[in-house]
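Written out below as structure tokens is the structure these notes cover.
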Amino acid sequence: MRRSQRMAVLIQRLVEQPGRVFTLSEFAREFGAGKSSISEDLALAREVFAEDDLGRIETYPGATGGVSYLPVRSAERLAKSTGALAALLSAPDRILPGGFVFMTDVLFAPSWAQAIGEAFATTFAGAGAEYVVTVETKGIPIALMTARALGRPMVLLRRDSRVTEGSSVSINYVSGSSQRIQTMSLPRRALPQGARALIVDDFMKGGGTARGMVDLLGEFGARVVGIGVVVATAEPANKRVDGYTALLRLEAVDEEARRISLRPLTERPSW
């Protein structure tokens, strides 16, 4: 295999499985090349990826050595993508009766779900999450893409328990938007005790759902290492959870003027 062919396949292997650590021995056996040649290939790929903001190729020292890929983005690229998302969701025809904003088509579009997932992966890359957690249903695409970008499994909290998932733990919580008592559940086999969990969701108003997710994870002894939401409302200012990160802030929806005030947030936690 020529070097150009080898590098094309090597990069494809890394990009299709973000977060997985490949050993140099794996690549050496697959390509019939020495580890020194593979190391040179990786060094060149890492340089190109860094220059073109394509993500981060990490190498790990040791007896066998290893390499992994994370689709993290620069602050400039992240600001550009969140700005484009804000512009898209600010279109007047997205205003629904009651002052709501229609977001479902964007969240379920693979390209946008991937971009949002990579934004969360960039934000929480150093948080040490072992699982990405969301509640059904609109948070599923972005949580799945976040999990893929981090190379971690996704865990789904349900509105009710399913007999096909075995015994579950359920809690009641008060929704921050409707102020209604609702239920969410998690199968006992879905999450090990003491896991480090990253919560991802599509929207936050009062933070009641996020609070319920934190409380339910607490029943498993899980440690919540971060909370990421696509859109958070400016009011109420005091949410039921602290330390969340929103990509966009919804300032106001004027139904009469047909105007949505939505802006990207630039604050990011440092891990």
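Quick notes
- Fraction of antiparallel bridges per DSSP, the chain only, in percent to nearest 5: 50 percent
- Here each label is just a point 7 Å from Cα along the line to Cβ, and for E136 and M1 those points are 4.1 nm apart.
- DSSP finds beta bridges in the stretch 94-222, and of those with both partners inside it, around 60 percent are antiparallel.
- Nearest 10 degrees, 0 to 90: helix 110-123 Cα axis against the chain principal axis: 80 degrees
- Take 201-210, 52-61, 70-79, 119-128 and order them by the average number of nearby Cβ atoms within 10 Å per residue, most first; the result is 201-210, 119-128, 70-79, 52-61.
- Under the shape rule built on the C-alpha gyration tensor, where the axes satisfy a ≥ b ≥ c, the stretch 66-160 is oblate, since a/c reaches at least 1.5 while a/b does not exceed b/c.
- Using Cβ point charges alone (K and R +1, D and E -1), the dipole size of the chain about the Cα centre works out to roughly 500 debye.
- Shown here: Cα extents along the principal axes in Å, derived from the displayed model; of the candidates (i) 56, 51, 32; (ii) 48, 43, 34; (iii) 64, 47, 31, it corresponds to (iii).
- Count Lys and Arg as plus one, Asp and Glu as minus one, and take only other residues whose Cβ is under 13 Å from that of S168; the net charge is then +2.
- For K239, the aspartates and glutamates whose Cα falls under 18 Å of its own Cα, not counting residues fewer than eight places away in the same chain, are D201, D202, D215, E251, E267.
- Highest mean packing comes first when the peptides 4-13, 222-231 are listed by Cβ atoms within 10 Å, giving 222-231, 4-13.
- Cα-centre dipole for the stretch 3-70 with unit charges at Cβ (Lys and Arg positive, Asp and Glu negative), debye to 20: 280 debye
Read the figures in this text as sums done on the coordinates, not as results from a lab. Model, not experiment: these values are computed from the prediction. A quick note on method: Cβ atoms are made from the backbone with ideal geometry, for glycine too, and the neighbour counts reach across all protein chains shown.
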